[in-house]
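Shown next, in structure tokens, is the structure this report addresses.
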């Protein structure tokens with residue numbers, strides 16, 4: 001019992017150290033930026049222009065950086081054409097900079113890494129989400145409760161798992177994903193039908209005019225199919241999925257409160273990744289960036305006047321007013337569309353709360369369907 005109490009105390013101290021457990025969570029995070037991602041990051045590795053991606057190693061974890069994620073979203077339909085959306089995300093958070101625990105007793109509990117996983121299912125009339133935590137215990141005789149391996153690729157926390165088959169080689173082309181919450185579950189298979197996409201400057205994605213940023217790449221070309229269960233009802237589903245990989249030590253500038261991020265599958269086969277970071281842009285405005293991804297995988301970076309993201313309407317969600325309808329324009333590619341939430345209340349009531357859900361894309365000229373996708377909004 002003494003050892004159990006010691007282990008539980010260690011977990012509590014770790015969670016308190018990064019603000020992931022609170023007896024009475026405040027309405028807004030006190031640290032700079034959403035989830036403290038604008039706070040200083042001395043001692044951690046920094047994402048810089050000139051950093052180059054190396055696969056398959058970069059499919060795995062980067063423990064010298066403060067924050068990292070493996071982020072999957074998918075737009076699905078059942079045989080009747082009813083839309084569904086799923087999210088599967090594994091976050092890694094470093095508790096202290098590299099070397100901080102040097103000289104500590106040799107124990108699995110001296111790990112600097114904390115893991116958090118989110119799983120969610122959206123339907124046209126509701127949203128369901130679940131959350132789990134684990135400490136990065138590198139056990140000698142097992143893979144541990146949570147972690148990531150690069151080749152063959154696997155990311156997991158307990159039995160929530162995103163992974164390639166053991167004989168799949170070193171890429172992300174073929175994966176399976178599974179998770180279950182209180183009243184939902186899914187088990188799905190992904191097959192890439194296009195290349196990996198590298199964002200920004202050869203993978204360095206700038207997040208403000210001041211220059212901080214992240215290393216960021218995606219696989220936006222997945223076809224996905226499998227089984228989704230909601231409140232005991234099983235659905236055979238298929239659709240399109242998008243996997244984001246990103247790591248940083250200071251994702252936001254001190255003056256940035258959060259972001260609005262879009263991943264869109266367009267009717268002509270192109271994809272669009274676009275985001276607006278609120279604050280720290282030129283002359284104190286917002287900072288916009290993105291990638292136009294042609295059907296063949298060719299990427300055109302977007303910044304400045306090449307991209308316009310305009311909120312059109314707001315909805316009351318979790319005591320906030322959130323922009324759940326947008327106009328998105330990419331003039332060079334003659335894109336002018338409305339992006340609207342399938343259901344306005346796709347709120348992730350997790351430790352760090354945010355909005356994440358499926359959206360419809362329609363042509364502004366005639367209202368015709370022009371794609372599907374996902375929208376994420378933080379810091380509201």
*So residue 272 fits all but one of (1) part of a strand (DSSP E or B); (2) touching a helix residue (DSSP H, G or I) at 6+ places or on another chain (Cβ under 9 Å); (3) in contact (Cβ under 8 Å) with a residue 24 or more places away in the chain; (4) surrounded by fewer than 22 Cβ atoms within 10 Å (Cβ to Cβ); what number is the exception?*
(4)
*If you take just the strands (runs of 3 or more DSSP E) that sit entirely in region 156-266, which of them hold at least 2 residues that are touching a residue at least 40 places away in the same chain (Cβ under 8 Å) and more than 19 Å from residue 378 (Cα to Cα)?*
160-163, 174-180, 184-192, 213-230, 233-248, 259-266
*asked:* Can you tell me which condition residue 307 does not meet? The list is (1) touching a helix residue (DSSP H, G or I) at 6+ places or on another chain (Cβ under 8 Å); (2) farther than 26 Å from residue 123 by Cβ; (3) buried (at least 19 other Cβ atoms within 10 Å of the Cβ), and all the others hold.
replied: (1)
*Just wondering, is there one or more residues in region 17-36 that are outside any loop (DSSP other than H, G, I, E, B), modelled with pLDDT under 95 and surrounded by fewer than 17 Cβ atoms within 10 Å (Cβ to Cβ)?*
yes
*Within region 327-358, count every residue that is closer than 30 Å to residue 181 by Cβ, in a strand (DSSP E or B) and either touching a residue at least 60 places away in the same chain (Cβ under 8 Å) or touching a helix residue (DSSP H, G or I) at 6+ places or on another chain (Cβ under 7 Å) (or both).*
7
*What number of residues in region 214-236 are over 21 Å from the mean Cα position of the chain (by Cα) and surrounded by 22 or more Cβ atoms within 10 Å (Cβ to Cβ)?*
0
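Condition check ((1) modelled with pLDDT of 95 or more; (2) surrounded by 14 or more Cβ atoms within 10 Å (Cβ to Cβ)) across all residues:
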site	(1), (2)
246	yes, yes
264	yes, yes
277	no, yes
316	yes, no
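The values are calculated or read from the model by the stated rules, or taken from the named source; none is laboratory data. In this text the structure is predicted, and so the values were computed from the model without any measurement. Cβ atoms come from the backbone with ideal geometry, glycine included; neighbour counts cover every protein chain shown.
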